[in-house]
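**Student:** Dumping the structure here so I can ask a few things about it.
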Amino acid sequence: MKLFTVGPVEMFPDTLEVATKQLPYFRTPEFSQIMFENEEMFKQSIHAPKEAKTVFLTASGTGAMEAAVINCFTEENRLLVISGGGFGKRFAEICAIHRIPYDELMLDFGETLTEEKLEKFDGRQYDALLVNLHETSTGQLYDIELLANYCEKYNLYFVVDAISAYGADKIDFAKHKIDVLIASSQKALALSPGIAIVEISRRIYEERVLTIQQATLYFDFKSHIDNMKRGQTPFTPAVGILLELHERLEKMQQLGMDNIQKDMRELADRFRRELQKRGFRLPSYPMSNALTPVILEPHAKSMYERLKQEYGLVVTPNGGSLAEVLIRVGHLGNVCWQDYEKLLIAMQQIRATL
Ligand SMILES: *Cc1c(COP(=O)(O)O)cnc(C)c1O
């Protein structure tokens, strides 16, 4: 089996090695030191300033999305959600459940987010903009400069779900004046699922997190941030994944975040060129380096199933209205060009019989 998924993805041998070890007890100075280093290395990887706060949640990415919303906003706010697929919709659902007023900028499949579409929404009505920088359900990468400028112009908090963009696409916490950035262990970090990381700007921490009465115990950022002063979490974290994270962040630091992204972009670009040469169709919107969406309407599902059953190659299927339209081929984790050569041949062979 080879995974071309977006999470969990093919893990690196060094991560797997860490994952085989007996877990230590964690209320110790040694584990606190690991956590301080995790914080430091994560901040460096996104160019976050020292004064920003880092929260490590034992949750999947969605847990962190919900935690971010309820720690920063209330029924008295109004939020603008970029809704271009399944993950945009999830932000809207979270707002609805917590009765936080919001509007959605809806994008149909195939539509690119443009300045014109954004400016149809009067930014003065809102307190924050929520976006999944890479809308993983379609593969569209939104223009972070465009969104950052809009937030600056209207003085909005900028909340970025970077769960599938972190480690794959360019993100600069300081330069883009991000207020909340969310990452998760099972995507480009290529770790076990279960840890989500939330980076919080000083301004949103002081103006929102500290002033809101959060109706949550487990997800209360105040208590997480307080505990991180001593390198700890309020409750038992996924200790093993935090150790995997430490190993991976060290490795990423050695390799350099820019080099990792450049390699991933080259891999993705080469795969896309080869697909097009073979007559496969790709969407026209800007794409993340994390995955390549391939339009196979109306055979996407059988392509996915046959790749898995006949070749042991696991791409990412789509749900909902795109189930028969798209497969998504991930570029995250321990994959290399030889893997894509095999995949290309398999895709051609299956297509010939569809
Ligand atoms: C994977 C992902 C999530 C989180 O999904 P979980 O299954 O909760 O980990 C959230 N947002 C985006 C953009 C994602 O790609």
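**Student:** Out of (1) open to solvent by 20 Å² or more (accessible area, probe 1.4 Å); (2) within 21 Å of Pro283 (Cβ to Cβ); (3) away from the ligand (no atom under 12 Å from the Cβ), what's the single condition that is false for Leu141?
**Tutor:** Going through the list (1) open to solvent by 20 Å² or more (accessible area, probe 1.4 Å); (2) within 21 Å of Pro283 (Cβ to Cβ); (3) away from the ligand (no atom under 12 Å from the Cβ), Leu141 breaks only (3).
**Student:** Another question about this same structure. Give segment 137-148 a look and list any residue that's farther than 13 Å from Gly86 by Cα and not in a loop (DSSP other than H, G, I, E, B), or say none.
**Tutor:** Leu141, Ile144, Glu145, Leu146, Leu147, Ala148
**Student:** Does Lys262 fit the bill of being in contact (Cβ under 8 Å) with a residue 24 or more places away in the chain and charged (D, E, K, R)?
**Tutor:** So Lys262 fails the test.
**Student:** Continuing with the same structure: Among the residues of segment 51-66, write down those that are open to solvent by less than 10 Å² (accessible area, probe 1.4 Å) and within 12 Å of the ligand (Cβ to nearest atom).
**Tutor:** The answer is Leu57, Gly61, Ala64, Met65.
**Student:** Please go through segment 98-136 and pick out each residue that is among the small types (Gly, Ala, Ser) and either part of a strand (DSSP E or B) or open to solvent by less than 20 Å² (accessible area, probe 1.4 Å) (or both).
**Tutor:** The answer is Gly123, Ala128.
**Student:** Out of (1) more than 25 Å from Met257 (Cα to Cα); (2) surrounded by fewer than 21 Cβ atoms within 10 Å (Cβ to Cβ); (3) within 16 Å of the ligand (Cβ to nearest atom), what's the single condition that is false for Val69?
**Tutor:** (2)
**Student:** May I ask you to say which residue of Phe87, Phe42 is under 16 Å from the mean Cα position of the chain (by Cα), within 16 Å of the ligand (Cβ to nearest atom) and among the hydrophobic types (A, V, I, L, M, F, W, C)?
**Tutor:** Phe87
**Student:** Looking at segment 337-354 only, could you name the residues that are closer than 22 Å to Asn289 by Cα, open to solvent by 20 Å² or more (accessible area, probe 1.4 Å) and of a type in the set (A, V, I, L, M)?
**Tutor:** Listed by number, the list holds a single entry, Ile345.
**Student:** Pick from segment 168-186 the residues that are in contact (Cβ under 8 Å) with a residue 40 or more places away in the chain and surrounded by fewer than 21 Cβ atoms within 10 Å (Cβ to Cβ): which of them is nearest to the chain's Cα centre (by Cα)?
**Tutor:** It comes out as Lys170.
**Student:** I need every pair where a residue in segment 59-86 that is on the phi > 0 side of the Ramachandran plot has its Cβ under 7 Å from the Cβ of a residue that is near the ligand (Cβ under 9 Å from one of its atoms) and acidic (Asp, Glu), sequence separation at least 6 or different chains.
**Tutor:** Gly85/Glu135
**Student:** Just to check your reading of the model, which residue among Leu189, Leu210, Leu242 is open to solvent by 10 Å² or more (accessible area, probe 1.4 Å) and either at pLDDT 95 or above or not hydroxyl-bearing (Ser, Thr, Tyr) (or both)?
**Tutor:** Within the list Leu189, Leu210, Leu242, the selection yields Leu210.
The values are calculated or read from the model by the stated rules, or taken from the named source; none is laboratory data. From a predicted model like this one, the values you see are computed outputs, not experimental measurements. A quick note on method: Cβ atoms are made from the backbone with ideal geometry, for glycine too, and the neighbour counts reach across all protein chains shown. In case anyone asks, the SASA skips ligands and DNA or RNA and just uses the protein heavy atoms, side chains included. Shrake-Rupley method; radii C 1.70, N 1.55, O 1.52, S 1.80 Å.
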